[in-house]
1. Inside the range 43-86, can you point out the residues that are aliphatic (A, V, I, L, M), at pLDDT 90 or above and either closer than 23 Å to residue 19 by Cα or surrounded by 10 or more Cβ atoms within 10 Å (Cβ to Cβ) (or both)?
2. Just to be sure before I move on: is residue 8 in a helix (DSSP H, G or I), more than 16 Å from the chain's Cα centre (by Cα) and at pLDDT 85 or above in the structure I sent?
3. Answer yes or no as to whether residue 36 is touching a Gly at 6+ places or on another chain (Cβ under 6 Å) and part of a helix (DSSP H, G or I).
Amino acid sequence: MSCTQQSYSSLRERAFDILEHGRRRDAASRVLDWILVVLIVANVGGTVAQTVPEIEAQYGTDLQLFDRMDAATRASRAPRQEARAS
């Protein structure tokens with residue numbers, strides 16, 4: 001195995017550890033967990049805010065952009081998740 005393949009393999013293993021295991025002692029995993037929680041709460045808050053006519057009138061375009069970016073992020077991950085499930 002070449003040096004490039006080894007570094008790719010170790011990087012891939014590290015990414016898997018951060019994303020899949022959610023280890024409490026691993027700072028990167030904790031940071032990612034918090035980022036995901038903040039994004040989920042922001043998404044819920046944005047969705048609820050869109051239902052308030054005054055907020056929708058003032059921030060509707062920004063909220064819609066945030067929603068579309070979130071949907072695009074989820075859509076970009078979907079094929080990989082389906083492939084992994086097979």
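The values are calculated or read from the model by the stated rules, or taken from the named source; none is laboratory data. For clarity, every value in this text was computed on a predicted model and none was experimentally measured. Cβ sites come from the backbone with ideal geometry, for glycine too, and all protein chains shown count toward neighbours.
1. 44, 48, 49, 52, 55, 63, 65
2. It is false that residue 8 is in a helix (DSSP H, G or I), more than 16 Å from the chain's Cα centre (by Cα) and at pLDDT 85 or above.
3. No: the conditions fail for residue 36.
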